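Each remark here refers to the structure printed beneath this line.
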Amino acid sequence: MRQKRILTGLLLLCVIVFAGFLTMLVKTLIPYQEADGVYEEISRDSVQIAASEGRKEPLNQEQGQVVSEICPITVDFQVLKALNPDIVGWIYGEDTKINYPVVQGKDNEFYLTRMPDQKENASGSIFMDCRNREMSSLTNQILYGHHMKNGSMFAGLMKYKSQEYYREHSYFFYLTEDKKYRLEILRGQVTTDASDIYRIGFSTEEEKEACVSRWNKTSCLTPLFIEAVDAPLMTLSTCSYETADARFVVQGQLIELGNEQTICK
């Protein structure tokens, strides 16, 4: 009888533990599903895939390539601004999960836990550093996004630790209300939030060149593009897990579409 009570107790304990595990799993998955639904709806209402006819396709990477001069998507910023006037852009990577509106708040905290419709969700938003203002050749536009376990938001940036992946996904597109850019990736590295790669601007071209030279030495990527002196920088940042305060950043240059560049290697 005593043995039966022990077995019954153990069985009950297992049921309680399993129920607790399922509860935690559901609590984890629901925010993911809610976020996916919101982002899918925003994309459906405001983004169209452009016709592929006439677009320039990449050539053999080993011989150098001509990159796409025509942005593969169009974005209705009127729809986005009606949803939230804090939306300032759209970041898109072909053949990646990165396809999101970019918001900019009054601080760098609000959109950590809020989506572009301002509803609370652990996925948060892709957001621009609140310090960024007008773009110029001496600026560094910084975008932040969570490293979500389901691969959403900026989790895909971690793939840029691989040179092979970089060769196949060497640029993003960044769109604003009045301009379109090709974000040509130049560097990727594990760093911390104290790094000066998070600086938003430079006093002189010489200062920018010195910083770029230093960052190139710690990059895990061999750059495929010629660095353009007159191009603004853009840095994409997400959490990494090498240390408690580790970050992984992918940095590139913003080339306004209409100014064609070629890969140099």
Query raised in the report: Can you list the strands (runs of 3 or more DSSP E) found entirely within the stretch 79-149 that contain at least 3 residues being over 22 Å from Ala194 (Cα atoms)?
Result: 87-92, 99-103
Query raised in the report: Out of all the residues in the stretch 176-184, is one or more closer than 27 Å to Ala35 by Cβ and either open to solvent by 50 Å² or more (accessible area, probe 1.4 Å) or in contact with a helix residue (DSSP H, G or I) (Cβ under 7 Å, 6 or more places away or on another chain) (or both)?
Result: yes
Requested in this report: Only residues in the stretch 97-114 that are at negative phi count as the first member; pair them with residues that are open to solvent by 70 Å² or more (accessible area, probe 1.4 Å) and in a strand (DSSP E or B), Cβ under 7 angstrom, at least 6 apart or cross-chain, and list the lot.
Outcome: Thr113/Glu120; Arg114/Glu120
Query raised in the report: Can you find a residue in the stretch 132-141 that is open to solvent by less than 30 Å² (accessible area, probe 1.4 Å) and farther than 28 Å from Leu224 by Cα?
Result: no
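Rundown of residues vs (1) of a type in the set (Phe, Trp, Tyr); (2) over 20 Å from Phe172 (Cβ atoms); (3) under 20 Å from the mean Cα position of the chain (by Cα), yes/no style:
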| residue | (1), (2), (3) |
| --- | --- |
| Ser195 | no, yes, yes |
| Tyr198 | yes, no, yes |
| Ser203 | no, yes, no |
| Ala210 | no, yes, no |
| Arg214 | no, yes, no |
| Phe225 | yes, no, yes |
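Just to be sure, is Arg167 in a helix (DSSP H, G or I), basic (Lys, Arg) and open to solvent by 10 Å² or more (accessible area, probe 1.4 Å)? Talk me through it step by step, then tell me what you get.
Details: in a helix (DSSP H, G or I): yes; basic (Lys, Arg): yes; open to solvent by 10 Å² or more (accessible area, probe 1.4 Å): yes.
When the stated conditions are applied, Arg167 passes them.
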Query - Residue, farthest from Asp129 (Cα to Cα), within the stretch 198-246, restricted to residues that are among the aromatic types (Phe, Trp, Tyr) and surrounded by 12 or more Cβ atoms within 10 Å (Cβ to Cβ) - result: Phe225
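The values are calculated or read from the model by the stated rules, or taken from the named source; none is laboratory data. Everything numeric in this text was worked out from a predicted model, so none of it was measured. Positions of Cβ are backbone-derived with ideal geometry, glycine not excepted, and every protein chain shown enters the neighbour counts. Each accessible area value is taken on the protein alone, full model and side chains, heavy atoms only, with ligands, DNA and RNA left out. Shrake-Rupley method; radii C 1.70, N 1.55, O 1.52, S 1.80 Å.
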